[in-house]
1. Under 8 Å between Cβ atoms, which residue pairs at least 6 apart in sequence (or on different chains) link something in the stretch 246-274 that is on the phi < 0 side of the Ramachandran plot with a partner that is aromatic (Phe, Trp, Tyr)?
2. Which condition from (1) modelled with pLDDT under 85; (2) more than 17 Å from the chain's Cα centre (by Cα); (3) open to solvent by less than 10 Å² (accessible area, probe 1.4 Å) is the one that residue 179 breaks?
3. Just checking, which of 212, 293 is modelled with pLDDT of 90 or more and either among the acidic types (Asp, Glu) or in a loop (DSSP other than H, G, I, E, B) (or both)?
4. Taking the criterion of being at pLDDT below 90, open to solvent by 80 Å² or more (accessible area, probe 1.4 Å) and under 15 Å from the mean Cα position of the chain (by Cα), would at least one residue in the stretch 264-275 satisfy it?
5. Counting only residues that are touching a residue at least 60 places away in the same chain (Cβ under 8 Å) and of a type in the set (Val, Ile, Thr), how many does the stretch 289-309 have?
6. Please name all residue pairs, on different chains or six or more residues apart, with Cβ atoms under 6 Å, provided the first residue is in the stretch 310-338 and is open to solvent by 80 Å² or more (accessible area, probe 1.4 Å) and the second residue is at pLDDT below 85.
7. Check the stretch 141-151 and report whether any residue there is in contact with a Cys (Cβ under 8 Å, 6 or more places away or on another chain), assigned to a helix (DSSP H, G or I) and at pLDDT 85 or above.
8. Go through the stretch 206-240 and report how many residues are surrounded by fewer than 19 Cβ atoms within 10 Å (Cβ to Cβ) and touching a residue at least 60 places away in the same chain (Cβ under 8 Å).
Amino acid sequence: MFHGLLEGPAADPATERAAAALVPTEQVTGRPVTLFGTLPLQGDDSPTPDEGEVAVDAMLVGETVESPDEHRFRRALLEIPELTPWSSGKVADEEAGSEAAEGDPVSVAVPCRIGQHAETHSLRFTPDPSRGHVQVAVTDRDPEGLSVEEIRRNAHAVQDLFSLASLAPPSAMHALIPTGETDDEAQLFWRQTLSFPSQIAPRGALIFSAADLAITTALPRWYELRRKHRVTVDLLMGMLRAPHRYTELNLLVVVAAAEALFATTDNRSKRQRKDSTLRLKLVAMAERVKLADRIGVKLPVQVWAERTARLRNSFTHTGGATDYTEEQLGELVGLTTAVVVANLVQDLGVPPEAWARGLARNPALRLQRPADAATLF
């Protein structure tokens, strides 16, 4: 972690463009900064550790802290672009801006501070139709205050809820943090993806929206689900934030997410769960949400589970390659993702008819839905 002052735009325009995902286009000069997650760039031969070029995970502008876990902020304002289409039940397109974010502000009690109860903290959602977005305020009533890490975790929690609903990578994040009784505000910027996320297609569809589950109901449940199914959620969101060009790796990640979800939802003993084969686990997760009946999957569940398990085991147990095409692998990844997502949204409380309709229309899965089983392989 480093402290210093912002000096202005980069001398090299190429460097400035490369940093645009983290630093805002407007330059904030002469203000104190704290850099988090700094790593020396490869090939850096600077003689001292505090000189040379570094990659930065997050930047706090206008304030210095000694640790990302240092509690000193009472409030943070988050602008999460994805909340607007989710709140309005519409995909983000040119026509949705004027109609989005209607309604009165609502407050939701959630455990904003790590290890604390929900009753003393809250997220307040304030729609602003004139600007076409929903602003989120993270508030801590405890005098000790929030840390930078807790602000980021709460932002991720809300953003992950939308990512689950859209299966789209999250956008860049920015938080305004009041620093005291004055009008001064610190600004927090941090990376979300390894590449620029693509926007949701105008004719796409959300798997569910606030029209299917009110935010006052959805968010407390989501915080609890993220705690209960932490590994599954982390793997799924990690795949969205950094989708890999190698489909084999995507298959390994999403199968691991499905296995973790089986472990946290199955009611059998630990020994019984351990003795279950991967094929049986996948079948159980698909049957738990009646996926084949609700979204009309043409590839039989047993066939999908057998092929997916055989491939995963071949990769990890023998190091064997596969003769399946990229398209065939992608279809297995898509169906496994649908199983994981369906289980999560069902436990969240989304009505089956809503998430089934959304899964069938969502572009991220519609393009990967298996063709006729007789011609697929």
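1. Filtered contacts from the stretch 246-274: 248/315; 251/315; 252/315; 273/262.
2. (3)
3. Numbers: 293 fails: modelled with pLDDT of 90 or more.
Of the residues listed, the single one that is modelled with pLDDT of 90 or more and either among the acidic types (Asp, Glu) or in a loop (DSSP other than H, G, I, E, B) (or both) is 212.
4. Step one: list which residues in the stretch 264-275 are at pLDDT below 90, which gives 266-275.
Remaining after also requiring open to solvent by 80 Å² or more (accessible area, probe 1.4 Å): 267-268, 270-272, 274-275.
The next check asks that each one be under 15 Å from the mean Cα position of the chain (by Cα); those that pass are none.
Among the residues of the stretch 264-275, not one is at pLDDT below 90, open to solvent by 80 Å² or more (accessible area, probe 1.4 Å) and under 15 Å from the mean Cα position of the chain (by Cα), which makes the answer no.
5. The initial filter retains those residues of the stretch 289-309 that are touching a residue at least 60 places away in the same chain (Cβ under 8 Å), namely 289-290, 294-300, 303-304, 307.
Okay, now just the ones that are also of a type in the set (Val, Ile, Thr), so 289, 295, 297, 303.
Adding up the residues that qualify gives 4.
6. Between residues of the stretch 310-338 that are open to solvent by 80 Å² or more (accessible area, probe 1.4 Å) and residues that are at pLDDT below 85, the close pairs are 326/247.
7. Of the stretch 141-151, the ones in contact with a Cys (Cβ under 8 Å, 6 or more places away or on another chain) are 146, 150.
Checking the rest, the ones that are also assigned to a helix (DSSP H, G or I) come to 150.
Among the residues that remain, those that are also at pLDDT 85 or above are: 150.
The answer is yes; a qualifying residue exists.
8. Filtering the stretch 206-240 for residues surrounded by fewer than 19 Cβ atoms within 10 Å (Cβ to Cβ) gives 211, 214, 216-217, 220-221, 224, 227-228, 230-231, 234, 238.
Pick out the ones that are also touching a residue at least 60 places away in the same chain (Cβ under 8 Å) and you get 211, 216-217, 220-221.
Total satisfying the criteria: 5.
The values are calculated or read from the model by the stated rules, or taken from the named source; none is laboratory data. Treat the numbers as computed from the prediction; the structure is a model and nothing was measured. Don't worry about glycine lacking a Cβ; one is built from the backbone with ideal geometry, like all the others, and counts go over all protein chains shown. Protein only, heavy atoms only, side chains kept; ligands, DNA and RNA dropped before computing areas. Shrake-Rupley method; radii C 1.70, N 1.55, O 1.52, S 1.80 Å.
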